[in-house]
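Report on the structure given below.
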Amino acid sequence: MDEHDRELVERMRRHPTSAVVEADQPEAVAGALIGSGARALPPAVVPVWLGEAELLRDRAEAVLAAERVVAGAVAHERARRAQLLACPSAAEDGPAPTPDAEAQPGDDDPHADRDAVRFALVILAAAQVGGIAVYVADGLLLAAALPAAAILGVVGVALAHRPGPADRRTPGSVPPDREPSPTDTGHPAGARAGEPGGPPPAVRAAEAHLRRQQAAWKLAWWERELPPAQVGDWLDAGGRAPATLVVVDPAGEVAPDVFTAMAAALPASVRVFLVRGRGA
């Protein structure tokens, strides 16, 4: 290896990013880098590596975009809460809440359920009484035992659905299962500090989208039987020395646009050198 190639090897070791270099002896230059820990990459597999790098970069950018959406949603919610605290009159001018927002028409209301059951039981009891009258009129007193038993069953169901003391409350009162306990902090389970009632729907939706993107990122690595890398490596190497790939291409098999796309798709923690013959 001549002086030109030795200087070239030293410059490549200090070079932080990918590059195309020309050497008098490409194999010797690549061998020197491989001896320092670089990995050789045949020109024929460069398109495969390009496709893999682009797919993983797309996954990483999707995760980073989802993280920005979550940060924006949280910041927007904090600004909204701060505005409400600074101007409480704006919240007071809105429509007054109903006394029992949880028991609106169409919701699951135990009182409405009991009313429906009682109404059905009255109809059933009347029908059974009519049946007994028919049996008595026909002289079949023994056959009246079946409707009588049905009436007893109706009475038992009615007694079972009688409201207890805990259910006898006036409109607007707080159900016993919703009354605050002495140890209640005012934040439901899973609620964030400073966010009574838990995160708003926009924040929850953004966090769910982020979790899906993170799962897709990890799955892409697991499918390749590799441990998931850090998403941030695609933007910042974190001050670490980048891993080096060396492609020896004296015949010019790798097209310039393919190498440029591969260098752009690889993470910041990986650099690739395309070593060609000098003057080729």
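The values are calculated or read from the model by the stated rules, or taken from the named source; none is laboratory data. Because the structure is a prediction, the values reported are computed rather than measured. Cβ coordinates were reconstructed from backbone atoms using ideal geometry, including for glycine residues, and neighbour counts include every protein chain displayed.
Details
- Matching entry among Ala32, Ala53, Ala60 (being free of Cβ contacts under 8 Å to residues at least 40 places away in the same chain, in contact with a helix residue (DSSP H, G or I) (Cβ under 6 Å, 6 or more places away or on another chain) and crowded, with 18+ Cβ neighbours inside 10 Å): Ala32
- Any hit, segment 225-235, residues being at pLDDT 85 or above, assigned to a helix (DSSP H, G or I) and surrounded by 13 or more Cβ atoms within 10 Å (Cβ to Cβ): yes
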